[in-house]
Each structure stands twice: as structure tokens, then as C-alpha cells.
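Below is one structure; the comments refer to it alone.
No lab work stands behind these numbers, since they all come straight from the coordinates. All of these numbers come straight from a predicted model, not from anything done at the bench. No Cβ is skipped: glycine too gets one built from the backbone with ideal geometry, and neighbour counts run over all protein chains shown.
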Amino acid sequence: MQKNTERVDFRFPLEIKELMKSSAEEKGLKPSEYVRNLIEQDAHSLTHEQQVQHALSENIFLNGLMTNTELPLKLRKIIAKEMRKYV
């Protein structure tokens, strides 16, 4: 049975290579698994621009709730209290 992998060679300074090996060992991973995990995490993380856009959408929604005079004051206070947990 053939593995669906390819070999990749990198050049690192010795200090980086040792750091990679020790970091992988701390997590119970092989160095190649450790590097693969870092690449996958980076690929799935949001860019700064995406984070700003997401935060802007949330702020618009929450500001709409907080300025809605039809929403009871008690409910707006509860929302404000919950929002403070994330600021």
C-alpha cells in the first residue's frame, strides 16, 4: 500500500531545527507532523482583514440592538453586561 505523501527537504539553522524537534516532542508528534499541523493551522486562520470585517459586522449588529428603543431597557442592560465579558 502506497502512502499519499511526498518528501520535502528544507534547510534550517541548527537552532531552528532543534526548536522544531523539541516542540514536536513536547506535543508527542514527529517533527514532520508538527510542521504539517502548523501549516494547516495557518491555512485555516483568518487574515487580519477578515477578522476586522467579522468584528465590524458584529459591532453593527450589537449597536443596532443597543440603540433600538423598542427593546426594553432591562434587556439592553443584560446585553451590555454580557458584551463586557468580551471586551
For the pair residue 48 and residue 17, what calculated FRET efficiency results from E = 1/(1 + (r/R0)^6), where r is the Cβ-Cβ distance and R0 = 41 Å, to the nearest 0.05?
0.85
Potential extension, residue 69-residue 83 segment - 0.36 nm per residue separation minus Cα distance:
3.2 nm
Cα-based Rg / Dmax (Å) for the chain
23.1, 67
Counting each DSSP H run of 4 or more residues in the chain as -39500 (n - 2.57), what helix-only mean residue ellipticity at 222 nm follows after dividing by all residues, to the nearest 500 deg cm²/dmol?
-21500 deg cm²/dmol
Karplus (6.51, -1.76, 1.60) ³J(HN,Hα), θ = phi - 60°, over region 59-64, in Hz, Gly and Pro reported as x:
4, 4, 5, 5, 5, x
Euclidean distance between Cα centres, region 44-87 to region 6-20, Å
44 Å
Output ordering of 61-68, 28-35 (per-residue mean of other Cβ within 10 Å, highest first) is 28-35, 61-68
